[in-house]
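Take a look at the structure set out below.
The values are calculated or read from the model by the stated rules, or taken from the named source; none is laboratory data. All figures in this text were calculated on a predicted structure; none of them were measured in a lab. All Cβ positions, glycine included, derive from the backbone under ideal geometry; neighbour counts span all protein chains shown.
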Amino acid sequence: MRENSDVLANSGFRQSVEVQIKDKQSYKRLNMTLVGQQHPDYLILELSRQYCWQDILPMLATEKNVAIKTVSPKGEQVTGVVDILHITQYPQKLLFVSYPRNASVEILRSSPRVGVNCDARLQLQLKDKLGEPLTGKIVDISNKGIAFNYFGTSPVNIEDSRGLEAEVRVKTDDETILLQQLITRSIRSVGPQLWQLGLSYKEKPNNLQDLVSKLFLHSTPVRELLSDNDPGWDASDNTLQGESESVQFSTN
């Protein structure tokens, strides 16, 4: 664990933030989203629409500072105390806060990840049936699980997303790679209408090394690199001959 006040300077777009605020004799946790910042002056947090603004505003108005917790795109859990600088309620319910003082940073990702870019389809187990397939991409894989990105709206309520069973299919020219017994660990917005699901294995696959190799080889950049249909490269005899004929040597 380390301390760094500037750790949020390069945080992702629409990053989830948990705000802890005092409510009478206890503490209430609010789900907010980091929607902007002006480093090193302030962060802009948007209140989730699940809350009644009339209930939350009095609590925020009476506090000078609050505790926050978030997970950065690098897998770092950041906690700290921020000062409330300004509150707006129209057109968005926004909270302007300072950068956290002496933020504590804990590395959550202890396992190395291999970046891939494979077209895939994911299905979540919703109650007693599989949900609609989500078309997206596997963007990385580790010995703990995978990350899956897709465009659209959140398939489930973020608060209810942890612990859902899932399966992912990657269709190649030769076969269908099936990753089963996956469990959702997180879902977060990583761009405009772009969501990322963190999925862990129920049990580490016995063929993990084979899976990593197959996903890497079927990753879009690798397939493009190995493709014979690159329009920018033509090594035919005619091309080489044409180029050689265009060069004139003087005999003078």
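Could you check, for the range 98-115, whether at least one of its residues is in contact with a Phe, Trp or Tyr (Cβ under 8 Å, 6 or more places away or on another chain), assigned to a strand (DSSP E or B), modelled with pLDDT of 80 or more and of a type outside the set (Ser, Thr, Tyr)?
No, that holds for no residue.
Could you run through the range 18-63 and say how many residues are surrounded by fewer than 13 Cβ atoms within 10 Å (Cβ to Cβ), among the polar types (S, T, N, Q) and under 24 Å from the mean Cα position of the chain (by Cα)?
Matching residues across the range 18-63 total 2.
Just checking, does the range 204-215 include any residue being touching a residue at least 24 places away in the same chain (Cβ under 8 Å), of a type in the set (D, E, K, R) and either under 17 Å from GLY115 (Cα atoms) or surrounded by fewer than 12 Cβ atoms within 10 Å (Cβ to Cβ) (or both)?
yes
Report whether or not ILE21 is in a strand (DSSP E or B), hydrophobic (A, V, I, L, M, F, W, C) and at pLDDT 90 or above.
Spelling it out, it is not the case that ILE21 is in a strand (DSSP E or B), hydrophobic (A, V, I, L, M, F, W, C) and at pLDDT 90 or above.
In the range 167-186, is there at least one residue being within 15 Å of the chain's Cα centre (by Cα), of a type outside the set (Ser, Thr, Tyr) and at pLDDT below 85?
no
Which one of LEU194, LEU215, LEU178 is out of contact with any helix residue (DSSP H, G or I) (no Cβ under 8 Å at 6 or more places or on another chain), hydrophobic (A, V, I, L, M, F, W, C), under 20 Å from ARG14 (Cβ atoms) and in the same structural domain as LEU134 (by TED's automatic domain parsing)?
Only one candidate qualifies: LEU194.
Determine which member of the set VAL82, VAL66 is in contact (Cβ under 8 Å) with a residue 40 or more places away in the chain, surrounded by 18 or more Cβ atoms within 10 Å (Cβ to Cβ), assigned to a strand (DSSP E or B) and within 27 Å of the chain's Cα centre (by Cα). Please lay out each step first, then the result.
On the way: VAL82 fails: in contact (Cβ under 8 Å) with a residue 40 or more places away in the chain.
Every option except VAL66 fails the conditions.
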